[in-house]
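Written below as structure tokens is the structure these notes are about.
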Amino acid sequence: MTPAIYEKLIIRLLFKNEDVRDKIFPFLNVNLFDSDYDTQNIVKNVLAFSDKYDRFPNVTEIKTFMKDDSTSKAFSECLAMDAEEYDTDFMMSEIEDFFKRKLLWNNAEQLIKTLKSESIIEAGAVPESIMDSLSFSFDTGIGFDFFDDPDRLYDSLTLSDKVVPSRIKAIDSLIEGGFHEKSLTLFLAGTNVGKTLIMCALASNMIMHGHDVLYVTFEDSEEKIANRITFNLLDADKTQLKAMSKEAFMRRFEHVKKMVKQKLIIKEFPEYTIGANHLRQLLKDLKIKKKFIPRIMFIDYIGCMLPNGKQNTNLNSNDLLRLVAGQTRAVGMEYSMPIVSGAQTNRGGSTSSEIDLTDTADSFGQTMKADVIFGVTETPELAAAGIYTFFLLKSRYGLKGMKISVGVDKFKQRLFDVVGDDEEQPRSKDLVDDAVVTLRKTGNKEIKNISFE
């Protein structure tokens with residue numbers, strides 16, 4: 001097909017095929033279309049509508065939104081095309097190839113302009129953009145199926161309750177039983193304190209208690225997140241698992257698998273490449289291809305995401321992350337699920353034994369969108385004893401300003417309550433003494449302060 005046919009067909013599919021639209025729309029760019037065919041103006045109107053109303057228009061809305069007769073006529077011609085004969089998988093492959101060739105062409109033109117401008121320094125970034133064009137993909141992969149592929153690991157869970165308990169009583173008691181559907185919870189902590197550890201530990205708890213979990217990762221690979229969860233589920237640390245034969249590992253894995261009837265999917269994205277619309281597409285893909293509907297989603301973490309749509313270069317980091325947090329929370333509302341993520345403290349918060357919302361790095365705006373925020377600290381003394389201090393900094397579901405102690409086993413990526421079931425949380429100001437008493441009660445003679453890369 002000619003480029004003109006491809007461009008018109010893409011516009012037709014955007015409005016007539018929801019599956020194709022969900023894959024194409026996050027990558028829609030006016031520069032991929034030629035102004036000679038009026039398709040570029042159509043795309044400009046679609047993106048303008050989406051930026052203004054934060055959603056994709058229907059046919060009637062975009063026709064009303066368009067002010068130019070020539071553009072409206074071209075749009076009607078696109079809709080009149082017969083695309084029913086094309087298989088969706090075939091069309092996605094062809095359209096992806098068209099996008100790739102168009103990106104290559106645009107970058108080649110830019111390279112020629114740069115070389116003609118006598119500004120060789122500006123050409124430095126062009127080869128990288130050409131490599132990006134060659135590797136372009138709509139990413140039809142749908143994540144990491146933990147149990148179907150035990151070499152990469154998998155676990156699962158499901159329950160349609162409106163609250164998903166963390167299974168840490170001290171945490172659940174502060175937020176009315178657990179993580180609420182249609183909510184965004186953030187764990188605010190300094191570098192290397194353990195935001196990923198906390199989310200992996202909570203994900204493991206939820207998997208073992210009947211909830212389907214989707215874990216989206218940006219900084220760690222799918223395998224590394226799976227490894228962390230494996231330490232927890234198989235009750236073995238990294239050294240012990242490395243010493244196991246494959247046969248022994250499989251026996252233990254199968255034992256855990258028999259205890260779990262649902263699913264854990266782990267999906268990796270590069271940093272600063274996706275927005276909330278990509279999460280929507282992932283959820284749709286999982287539902288269609290895996291019949292998988294997660295009860296809760298962990299995002300590690302939303303500070304690595306971008307806002308939907310065309311990027312506004314006038315926005316500062318505070319506004320960008322406020323948009324990301326709001327748009328991500330909207331996904332949780334749309335799919336009636338809790339979303340749990342992390343947030344980074346600034347330099348002052350990283351060294352403080354008690355943190356508050358003003359210690360949030362990059363964007364205070366994201367804290368405005370969150371429903372629950374826990375501040376997490378770890379002094380050297382408590383780290384040696386295996387204890388986190390959690391501060392409830394914000395909550396729509398209970399009292400704020402509360403402080404609790406939570407045990408942590410970093411070898412097995414596990415959180416636990418530091419008191420017995422019939423005891424209250426320790427309220428002593430000397431948390432170190434409380435931690436020592438706790439370790440004696442729980443039988444943990446020594447928990448060293450270690451970290452996972």
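Spin-label pair Arg21-Asp235: with each label point 7 Å from Cα along the Cα-Cβ axis, the two points sit 5.1 nm from one another. Between the beta carbons of Gln110 and Lys169, assuming R0 = 45 Å, the FRET efficiency works out to 0.20 to the nearest 0.05. Note on Glu381 and Thr313: their simple-model spin labels are 5.2 nm apart, each label 7 Å out from Cα toward Cβ. Compared with the direct C-alpha span, the chain from Glu354 to Lys261 gains 29.5 nm at full extension, assuming 0.36 nm per residue. In this structure, Asp54 and Lys242 have a Cβ-Cβ separation that, at R0 = 30 Å, corresponds to a calculated FRET efficiency of about 0.05. Is segment 236-275 best put as rounded, prolate or oblate by its Cα gyration tensor, with a ≥ b ≥ c the root eigenvalues, rounded for a/c under 1.5, and otherwise prolate when a/b is larger than b/c, oblate when not? Since a/c reaches 1.5 but b/c is at least a/b, the shape of segment 236-275 is classed as oblate.
A DSSP coil position with no more than 11 other Cβ atoms inside 10 Å describes the following GluC sites (Glu not before Pro) in segment 233-286: Glu271.
For the cross-link pairs Lys23/Lys100; Lys369/Lys394; Lys169/Lys224, the ones whose C-alpha atoms lie over 20 Å apart are Lys169/Lys224. If the segment from Lys400 to Glu94 were pulled out straight at 0.36 nm per residue, it would be longer than the present Cα-Cα gap by 104.8 nm. With a Förster radius of 56 Å applied to the beta-carbon distance between Arg251 and Lys73, the computed FRET efficiency rounds to 0.25.
Taken together, the values in this text are just the output of simple stated rules run on the coordinates, not laboratory data. Since the model is a prediction, treat every value here as computed from it, not as a measurement. In this analysis, Cβ positions are derived from the backbone assuming ideal geometry, glycine residues included, and neighbour counts consider all displayed protein chains.
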